[in-house]
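Inspection log for the structure reproduced underneath, given as structure tokens.
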Amino acid sequence: MRNIEIGNYETINSSLPRSGQQIVAQHTENDIIVYQAYNPSIADYAVKEQRLGGNAFSYNRMSWIKPNFLWMMYRCGWAAKENQERVLAIRIRKKSFLEILENAAISSFRTGHHESFDAWKNELADKEVRLQWDPDHDPFGNKLTRRAIQLGLKGTSLKNFGQRDILQIDDITPFVEEQRQFLKKEQLHQLRIPVETVWNIGHPLIERKVGIINENSNAL
């Protein structure tokens with residue numbers, strides 16, 4: 001896998017917060033990796049062309065990206081679910097990710113966060129990006145207290161992501177399949193995953209807008 005730092009699961013997990021809503025990802029100063037899982041036809045095109053497209057891919061549907069590796073593994077069953085047999089690691093610039101966040105609407109109404117129910121409904125109808133905070137998961141799929149972000153893109157936001165923003169696409173399916181064998185044997189001490197840390201985005205307005213909650217802070 002190109003330019004993806006891999007480490008021991010237990011070591012990485014011990015360094016992450018136990019609670020809160022943060023962006024946990026592999027990231028550098030300028031870019032961040034997000035994950036998607038597709039069928040072989042879509043994945044083959046994406047890897048070859050280094051963008052999303054082809055006859056099997058539709059820009060008329062919502063497509064979800066996840067910066068958290070284990071959340072992606074939970075969603076695709078470690079590349080074992082139908083039409084999610086191929087896992088792609090997609091590197092984009094952080095400024096592109098921030099643009100996605102700025103255009104996001106949280107998928108569920110929250111008293112105290114949204115001005116009103118009607119204001120939330122209007123924002124949801126107006127925005128092209130849907131944001132969800134879901135329980136993060138351990139390698140076996142068990143829910144954690146910490147919550148992970150996923151982003152659904154459609155319309156212009158999806159086209160910008162798929163055709164303009166991507167720096168690199170890697171098919172990491174062989175790595176995923178290799179690690180799946182350690183899970184079957186319950187050998188977590190041998191499990192390896194991409195090294196991930198909390199990205200403190202440094203934009204208070206965006207943090208407030210999307211509902212980022214640091215560990216031990218009050219919920220928004």
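Every read-out reported here was derived from the displayed coordinates using simple, explicitly stated rules and does not represent laboratory data. Everything quoted here is computed from the prediction, not taken from an experiment. Counting neighbours? That spans all protein chains shown, and the Cβs are built from the backbone with ideal geometry, glycine included.
How many percent of Cα pairs in the chain exceed 30 Å? Walk me through the intermediate numbers first.
Details: 5089 of 24090 pairs.
Distances greater than 30 Å cover 21 percent of the Cα pairs.
Would you please state which residues of the stretch 151-195 a label at Lys81 would reach in this model, taking the label point 7 Å out along Cα→Cβ and a backbone N cut-off of under 14 Å?
From the stretch 151-195, the list is 151.
Which whole-Hz ³J(HN,Hα) couplings does the stretch 173-186 yield from phi under the Karplus relation 6.51 cos²θ - 1.76 cosθ + 1.60, θ = phi - 60°, glycine and proline marked x?
4, x, 5, 4, 5, 5, 6, 4, 5, 5, 5, 4, 8, 6
Check which residues have an amide H placed less than 5 Å from His137's amide H, if you skip close sequence neighbours.
For His137, the qualifying residues are Trp71, Leu144.
Given the pairs Lys159/Lys209; Lys66/Lys184; Lys95/Lys143; Lys48/Lys127; Lys94/Lys127, which span a C-alpha to C-alpha distance of over 28 angstrom in this model?
Values: Lys159/Lys209 23 Å; Lys66/Lys184 24 Å; Lys95/Lys143 30 Å; Lys48/Lys127 31 Å; Lys94/Lys127 20 Å.
Violating the 28 Å Cα-Cα cut-off are Lys95/Lys143; Lys48/Lys127.
Roughly how many debye, to the nearest 20, is the charge dipole of the chain about its Cα centre, given +1 on each Lys and Arg Cβ, -1 on each Asp and Glu Cβ, and no other charges?
Values: 29 positive and 27 negative charges, 49 e Å.
In total the dipole reaches around 240 debye.
Can you say what percent of the DSSP beta bridges in the chain, counting only those with both residues inside, are antiparallel? Round to 5. Walk me through the numbers on the way to the answer.
Numbers: 32 of 37 bridges.
Rounded to the nearest five, the antiparallel share is 85 percent.
Quick check on packing: order 194-206, 27-39, 138-150 by the mean number of other C-beta atoms within 10 Å, highest mean leading.
Output ranking for 194-206, 27-39, 138-150: 27-39, 138-150, 194-206.
Just to be sure I understand the model, the point goes 7 Å from the Cα along the line to the Cβ. What's the resulting Ser58 to Ser19 distance in nm?
Distance between label points: 4.2 nm.
Which value in deg cm²/dmol, rounded to the nearest 500, describes the helix-derived mean residue ellipticity at 222 nm for the chain, given -39,500 (n - 2.57) per DSSP H run of n ≥ 4 and division by the residue count? Don't jump to the answer; show the numbers that get you there.
Details: 8 runs with 68 residues, N = 220.
Calculated from helices alone, the mean residue ellipticity at 222 nm is -8500 deg cm²/dmol.
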